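Attaching a single structure in structure tokens format; questions to follow.
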């Protein structure tokens, strides 16, 4: 086993002076993972995977990149990848967040996709470090059967590999899969594997070469509602008179097993636990503190089933759609609220202003397929620029609102496939002169003044032909 | 420069004092009018404050949908709009069958606001159109009454109209219906007519025809104008009040107005063809004849004139007889005598219930009850007679119009509760006149008593100290002793006193003050009583606006010991239909819910509130009153996917489909005779308990309403009918429950797809279908269907 690696390494050394790029691929080979533990949490419809990797530099050159690889089917559903490294010894450990970026590698087998983790300090030869990786998968649980009646519970498939797909040699690895309930219809056995309660354990497996793959299929009950926001448009309108108005338009769908046949209200009301167990009855939105004038409506009017709880640290809005959502059912609604401007708008030292606001969707435990954030800057603001902690598509628009003449600049940001961990802050910088605040009042005042002048003039002019 | 001024100093100061007073009065009445407008607007906002900013009821949803279409697609698309989402499979030509006034008004407001970059939604504009126009209507009332009886009466009438409950019921925020703008148009047209009559100006006559055009655009009630104004003209001619002003007021209106009215697609040639308009043309001829006669009389000597008259009358009579005979023959040849059904039911109140059950089934077409007069116009009902009397003192062209207006509208309101709305402005105008005249008299006499005390102290002293009938007659010593004698009993009844009060107000100016002088105490007390009456009116109006007329009817609330309960089932069902059914699915329901379904759920409906095709409605009525299998056949032939029924039995919502069911049977039976009303009644009684007839218990409406209802409480107790239902356990074979709302108020069923034909059974089932009732029914539909 060691011999071919050495040989390739030697080859790499020979070509090093000629082809710099080979260096990268060669860096793959002198790392190895001495111990890997993976915990897959399937309890909601967002799959959370916690990966603990003990990475060892078995080569001779220091390296600062560690690659994670994913099968192409998972990459499409991958919402976010985060990596942390533990620092310090024993009790004084701290976790440091590391940069993670998608990359391409030239000799990827079967279109495997890669994410590179950039270490703070290059890993020297013979050293090892422990990485904590968290990645979230959306739309990865496939309902089977695809259509269920009201009284049935929702069963889903989850597909993965018993072995961690990795470009590195893994000496020892274990995978724990946590299911939402003890009801597991079936799971692929890859010995040694066993199930206890809500946990399925695969492994430990010893010494698997790079790109080892062993497909598994787990069929289990998951009655958590699959709340998916197909499209969310958040509009944040800044008014320098002291208000920040947020309007959020949702298109919500229950993405679980489709509802089949009748919907019986009498069954739904009399036996709520047995009937429509996977239905989506309410949602919780976490809004910023000091929120005011909250409304919750759709295109045909106010929806009366909502409750707002506020305290000094946060506001919680519990909303019920007009009807319980069964699999495949949709609903659209709008949530709007006002916020005090001073909580979110700040000034930089160089006289610019910036808005500091959360990016993601305020609803808990929901996946957003497509999010558009529109930050409407006040009329007359210039040089807008947005700073977002992850890559988004950006462009500018113009919006005309109350009595605008030149229009307001709108910074539009779009991102696909969001999960609640994307609720981090973003900033929009711009310059604004306070004199523009007076433009509209002055305009109105002058219009009325002219109107009165015209009236006075009319009363004093005799327009009749005959005297 | 200074010298001449000082010499004539006395005259200018008096003059400036008067102009200053007038200017002050003008500013004051301007601000009062402004406040009246604000009040008219804000009293109608109870619905927004108590509920939400939402379109109300049924018809407004259609208007809202049309306005949305207009805002989105523009005016030309709007005229050509063929709506295929209603009256499936017939469709409806919206552009040619709606009164476009309201829609165009709201669309224009919306467009104007948006071009000023005020981004209000179409819905917001629609919700607030009615309150805005009620402010306009109260200003128009001011103008009209001012023309009749002066500024004071105008302001009083405007204030009364701003809060008259009858009008509020139709114009609260969200009640986006034709009447909202039509009442303004109606009053404004009348104002311009009176204005033209008073001034004889062609300018106002033209404006009048334009206002009439706006009214024609807005509401079918324009026929009231085009009949009332000719009646008034005729009245003027008969009473010898013909003048050139009358001619200018009337002739341009008929010519221009008819031409303009014919431009509105929904009216079109009806403006000259239907009997509703004949009166105006007849009077048009008469006024010309009269004008001609006056002209001839002017140029001929009296003797020649007499000869001419005999000649013309003998020839003219013969011609007239011939023309009238032809006309009568023409009119009689049409089955409805050239009148539309709604107009006929106005002339003959029993017509609709005899012949057109659809018109009779609408609750607002029923005659009103006495309490509804008190509810809708309150104290005005008592003030109106006083106002009429005031109009006769003196009788002018304008005041005779008001008298005619109130007399006709009282009759119409007695026929249809909906036309209470036409009565309201008339009642406000006459009561405004009455109140204002009474105030004039009382304040005038108080003023006289206080200021005039120095000039004739002995009279006043005699009056105030003794206040006997004799002393007063002595003091007044003129031609009406019996009237002053009435002064004593007047303390007991306000009304009499008011009538009495107006009479002296019309006397000659010189003697007026002295003659009008009522005793100080009686005038003060009467004033207080009048103020009290006004206060009572205001309290009632605010109560009516807040409690009685503000409910949007699509969301219901009830108060119980543990707080407010909201029943938002209608929108729950419509939202469900909107998001969870296919865009082209057809939904069948009773026609009441047609407009709401197309507007809120955006789904195609079979019938809706525009009841233009009786056969189609009868088909749905027949389906609802047929057994399941036959109903399925009918619905399936109409390509229906979902059936929607409204059921109030669980929460006690009384206007549900079971309560409307007899109308379905009646309307269905009117076209398809195999549906017989007695089959659904047990001994003439409509019941759904165990005594109900088997036809009733097996019809589709019963089954869809009560499907699995018994499982809610184990007994199946219907809270509307206050009884246990007759048939408790049954299954549906051709329908399946698709959705039921939280309080069961709306239940939606899906038609099961037709079963696959199994070999061997084919023939049997085929023969069965042809033998069942459905087949003749379908052929019946085909035969009656004018589109096939």
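Could you check, for segment B:70-78, whether at least one of its residues is away from chain A (no Cβ under 14 Å), buried (at least 18 other Cβ atoms within 10 Å of the Cβ), under 28 Å from the mean Cα position of the chain (by Cα) and farther than 30 Å from residue B:551 by Cα?
Scanning segment B:70-78 turns up at least one residue that is away from chain A (no Cβ under 14 Å), buried (at least 18 other Cβ atoms within 10 Å of the Cβ), under 28 Å from the mean Cα position of the chain (by Cα) and farther than 30 Å from residue B:551 by Cα.
Given the structure, is residue B:664 out of contact with any strand residue (DSSP E or B) (no Cβ under 8 Å at 6 or more places or on another chain) and touching a residue at least 60 places away in the same chain (Cβ under 8 Å)?
For residue B:664, the condition - out of contact with any strand residue (DSSP E or B) (no Cβ under 8 Å at 6 or more places or on another chain) and touching a residue at least 60 places away in the same chain (Cβ under 8 Å) - is met.
Regarding segment A:230-243, can at least one residue be identified that is farther than 30 Å from residue A:379 by Cβ, within 14 Å of chain B (Cβ to nearest Cβ) and either within 22 Å of the chain's Cα centre (by Cα) or loosely packed, with under 15 Cβ neighbours inside 10 Å (or both)?
yes
Quick check on this structure: which one of A:296, A:323 is surrounded by 18 or more Cβ atoms within 10 Å (Cβ to Cβ), within 14 Å of chain B (Cβ to nearest Cβ) and closer than 17 Å to residue A:248 by Cβ?
The conditions single out A:296.
Any residue at all in segment B:632-645 that is within 13 Å of chain A (Cβ to nearest Cβ) and not in a helix (DSSP H, G or I)?
For segment B:632-645, residues within 13 Å of chain A (Cβ to nearest Cβ) and not in a helix (DSSP H, G or I): present.
Give the residues of segment A:265-276 that are buried (at least 19 other Cβ atoms within 10 Å of the Cβ) and either more than 9 Å from every other protein chain (Cβ to nearest Cβ) or touching a strand residue (DSSP E or B) at 6+ places or on another chain (Cβ under 6 Å) (or both), sorted by residue number.
Of everything in segment A:265-276, those that are buried (at least 19 other Cβ atoms within 10 Å of the Cβ) and either more than 9 Å from every other protein chain (Cβ to nearest Cβ) or touching a strand residue (DSSP E or B) at 6+ places or on another chain (Cβ under 6 Å) (or both) turn out to be A:265, A:275, A:276.
Residue by residue, here is whether (1) within 14 Å of chain A (Cβ to nearest Cβ); (2) part of a helix (DSSP H, G or I); (3) in contact with a helix residue (DSSP H, G or I) (Cβ under 9 Å, 6 or more places away or on another chain); (4) farther than 30 Å from residue B:166 by Cβ holds:
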residue: B:550; (1), (2), (3), (4): no, no, yes, no
residue: B:553; (1), (2), (3), (4): yes, no, yes, no
residue: B:587; (1), (2), (3), (4): no, no, yes, yes
residue: B:629; (1), (2), (3), (4): no, yes, yes, yes
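Closer than 22 Å to residue B:45 by Cα and buried (at least 24 other Cβ atoms within 10 Å of the Cβ), is that true of residue B:191?
Criteria not met by residue B:191.
Anything in segment A:31-52 that is modelled with pLDDT of 90 or more and within 20 Å of residue A:103 (Cβ to Cβ)? List them, or say none.
A:49, A:51
Tell me, which strands (runs of 3 or more DSSP E) wholly within segment A:164-259 include 2 or more residues that are within 30 Å of residue A:108 (Cβ to Cβ), touching a residue at least 12 places away in the same chain (Cβ under 8 Å) and touching a strand residue (DSSP E or B) at 6+ places or on another chain (Cβ under 6 Å)?
A:169-178, A:199-208, A:215-221
Let me ask you something else. So, in segment A:380-402, exactly how many residues are more than 14 Å from chain B (Cβ to nearest Cβ), surrounded by 15 or more Cβ atoms within 10 Å (Cβ to Cβ) and outside any strand (DSSP E or B)?
Total meeting the criteria: 4.
Testing residue B:120 on (1) within 14 Å of another protein chain (Cβ to nearest Cβ); (2) part of a helix (DSSP H, G or I), one condition comes back false. Which one is that?
Unmet condition: (2).
Please return the ranges of helices (runs of 4 or more DSSP H) entirely within segment B:348-407 where 3 or more residues are modelled with pLDDT of 85 or more and within 17 Å of residue B:153 (Cβ to Cβ).
B:380-391
Considering (1) surrounded by 15 or more Cβ atoms within 10 Å (Cβ to Cβ); (2) away from chain B (no Cβ under 14 Å); (3) farther than 21 Å from residue A:355 by Cα, say which one residue A:409 fails and leave the rest.
(3)
Scan B:140, B:157, B:173, B:153 and give me the residue that is touching a helix residue (DSSP H, G or I) at 6+ places or on another chain (Cβ under 6 Å) and within 14 Å of another protein chain (Cβ to nearest Cβ).
Going through B:140, B:157, B:173, B:153 in turn, just one is touching a helix residue (DSSP H, G or I) at 6+ places or on another chain (Cβ under 6 Å) and within 14 Å of another protein chain (Cβ to nearest Cβ): B:173.
Quick test for you: out of B:564, B:650, pick the one residue that is touching a helix residue (DSSP H, G or I) at 6+ places or on another chain (Cβ under 7 Å), outside any helix (DSSP H, G or I) and within 14 Å of another protein chain (Cβ to nearest Cβ).
B:650
If you don't mind, another one. Do we have residue B:667 as away from every other protein chain (no Cβ under 14 Å) and modelled with pLDDT of 90 or more here?
no
With the checklist (1) touching a residue at least 60 places away in the same chain (Cβ under 8 Å); (2) away from chain A (no Cβ under 13 Å); (3) over 20 Å from residue B:55 (Cβ atoms); (4) surrounded by fewer than 23 Cβ atoms within 10 Å (Cβ to Cβ) in hand, flag the one item residue B:592 doesn't pass.
Of the numbered conditions (1) touching a residue at least 60 places away in the same chain (Cβ under 8 Å); (2) away from chain A (no Cβ under 13 Å); (3) over 20 Å from residue B:55 (Cβ atoms); (4) surrounded by fewer than 23 Cβ atoms within 10 Å (Cβ to Cβ), the odd one out for residue B:592 is (3).
For segment B:703-751: of the residues being under 24 Å from residue A:304 (Cβ atoms), assigned to a loop (DSSP other than H, G, I, E, B) and within 12 Å of another protein chain (Cβ to nearest Cβ), which is nearest to the chain's Cα centre (by Cα)?
B:745
Also: So which of A:147, A:152 is surrounded by fewer than 16 Cβ atoms within 10 Å (Cβ to Cβ) and either within 30 Å of residue A:87 (Cα to Cα) or out of contact with any helix residue (DSSP H, G or I) (no Cβ under 6 Å at 6 or more places or on another chain) (or both)?
That would be A:147, the only listed residue that is surrounded by fewer than 16 Cβ atoms within 10 Å (Cβ to Cβ) and either within 30 Å of residue A:87 (Cα to Cα) or out of contact with any helix residue (DSSP H, G or I) (no Cβ under 6 Å at 6 or more places or on another chain) (or both).
Yes or no: residue A:372 touching a strand residue (DSSP E or B) at 6+ places or on another chain (Cβ under 6 Å), modelled with pLDDT of 90 or more, more than 14 Å from chain B (Cβ to nearest Cβ) and surrounded by 15 or more Cβ atoms within 10 Å (Cβ to Cβ)?
yes
Out of segment A:176-194, which residues are more than 16 Å from residue A:41 (Cβ to Cβ) and under 32 Å from the mean Cα position of the chain (by Cα)?
A:183, A:185, A:186, A:188
The values are calculated or read from the model by the stated rules, or taken from the named source; none is laboratory data. None of the values given here were measured: they were computed from a predicted structure. Neighbour counts are summed over all protein chains in view; Cβ atoms, including those assigned to glycine, are modelled from backbone coordinates with ideal geometry.
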